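First comes the structure, then the notes that go with it.
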Amino acid sequence: MMKKPLVLSFAVLALTGCGTMNNALVEKTKTIEYYRIFDIKTQADRYTIAESASNGLGRNVHDATEARPIPTSSELPVKADRFALVNPFEGSKLGALMSGGGGQLGFKIATCDKASWTANATRSISGQSELKLTACLFPYQEGYHLDLYATFTKKEGGFMELSRMASSAMVGTPEEWTEKTFLDIVRQIKNDTGAQVSFIEGYPKLEGTPWLDGGDAVSALN
């Protein structure tokens, strides 16, 4: 009488194991969004701040395109501006097609209207991840807001997963690298100018004050 339940149990375990194995062998591509906004209170001029931000960014990316737009007004605003997200394909047939396929996230771009410094940068690891980052410095009467937006795509599963795990163990996961890239910009500005830096908002949630600690932000992610 005990044989049937025992046979059934083995069958369930076999099917469960098979499903887990199949899922592990499927190579998946995931796209993830990050953003951070920091308040930087300082009397340093836009040239000093921009140079510091550029140096901090250069620590972690493969290439970057930067711009320092001419001010559109002689007076600084009381409140700092904010980055905006736009979809350049919105309303087009291509945009509708990509939206229907779940790919609309990758077509968002951050714009930095009225920023004193902007940068677009990438960091790629073949077969593992690709980070695309936009940084904007918005001047206002008390200093600057540093707006940082990034999307990264990463590969998971498949036959290359063990190799990716080994690489992440040595140089960090895509999530850790994204956070490090953000915080190195903030730290460079703070170290060069002595600015008072505070975190305003962002996603994922940031715990503590890792830009003050001087270490990596791995433990700061919630």
| message | Could you compute the net charge surrounding Pro69? Neighbours are other residues with a C-beta less than 14 Å from the C-beta of Pro69; K and R count +1, D and E count -1. | response | 0
| note | Each label sits 7 Å from Cα toward the beta-carbon; between Lys205 and Arg46 the label points are separated, in nm, by 3.7
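Laboratory data are not the source of any read-out in this text; all were calculated from the coordinates shown. Quick caveat: nothing in here was measured; it's all calculated off a predicted structure. Glycine also receives a Cβ, built like all others from the backbone with ideal geometry; neighbour counts cover every protein chain displayed.
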